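Coordinate-derived values only; no laboratory data. From a predicted model like this one, the values you see are computed outputs, not experimental measurements. Virtual Cβ from ideal backbone geometry, glycine too; neighbours counted across all protein chains shown.
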Amino acid sequence: MTGEVPEIKETNAESGGTARFLFFGIVTVIAALFIARFISRYVFGAIGVYSRHRHTLLLIGLCGSGKTALFAQLVAQKCVSARTSMQPNRAVMTRSQLSSHKEEEEEKESSFSAPSRVSNGANTSQVVVDFPGHRRLRDSLLSAIEEAMSVVVVVDAVTIQDDRQEGAQALAELIFSVLTSSAFYGVQRVLVACTKRDELTSYSAKAVRKLLEAEITRFVTSRRGDLQSLDTILNSDRVLVGHKKGKFAGGGDSSRRDGLAHQLLLDESGKFTFDNFPVPVRFADVSSVVDPARHPFNVEPVWEFVEGRM
């Protein structure tokens, strides 16, 4: 019987080792599932933001800024006088990829013989959406932004400082709401198209940029102060009242389940500049009234933006 004791001890040791192996195996599986869930939710979720049906060029702006006129010129090369609409316009803008006018002039002025550039017959095609600027449609704008690969902010360069109409302040509010919404997270580029530059009283793209940066600085500073004051408000039960989820200016909820969004931050001098925004923002002088005999402005900068030449 004494000879059987070691065998019993050996069996107990083996069963203990098996239990530990099973325990660590279960822990490993649980940890792997947790890590996989984390990766699928945050990593691939972020990738999904970028690849989520983003294929449109979205035109946004205030009412009367000239979005539909620009849309018509891009799509049909027509000059139209549009009225305020409550429905988005959607079409495809297409043209052959030719060398730019600047490149053609450089070739003509060149003193040495150079091989001529020949179009390969390829076309530039882009789905473009003209979204109405009415405040009542701001909720629907979020869905349009989620489809956008690039955004064009159309600015009325004539009324940008007109106190009788929605000017720089209202436009800064719209830009802030769009750029900081999670629906915007994934947009690759932004163009601020300063339209109606054919009119003598219009502001240049450089001037419009300064006006918008100044207004956004004031808006961000004011918003920061409002949030700080909210943090000090107590309700009747002496409970601290905090701010709710981010609201789209003038309307709906800008939060999305992805939870990813850019921020508009002030620099060390306390000012906002588009140079510090993580998504490239370009400014251009544009006119939907194409008339080379009267003025040099047209919609070519928008095409350069679409074709990646800006």
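Descriptive notes on the structure:
- In terms of surrounding Cβ atoms within a 10 Å radius of their Cβ, Ser150, Ser181 rank from fewest to most as Ser150, Ser181.
- For segment 123-222, the set of trypsin sites (Lys or Arg not before Pro) satisfying both a DSSP loop assignment and a count of at most 14 other C-beta atoms within 10 Å is given as Arg164.
- Val289, Val155, Val306 arranged by Cβ crowding within 10 Å, fewest neighbours leading: Val289, Val306, Val155
- log₁₀ of I(q)/I(0) at q = 0.12, 0.18, 0.20, 0.23 Å⁻¹ - segment 258-310, Debye sum with one point per alpha carbon: -0.48, -0.77, -0.82, -0.90
- Look at the Cα gyration tensor of segment 117-210: its axes a ≥ b ≥ c give a/c of at least 1.5 with a/b at or below b/c, and that counts as oblate.
- Summing Lys and Arg as +1 and Asp and Glu as -1 over all other residues whose Cβ lies under 13 Å from the Cβ of Val302 gives a net charge of +1.
- Square roots of 5 times each gyration tensor eigenvalue, C-alpha, segment 160-202, largest first, Å: 25, 15, 5
- Cα gyration tensor shape for segment 120-160, rounded if a/c is under 1.5, else prolate or oblate: oblate
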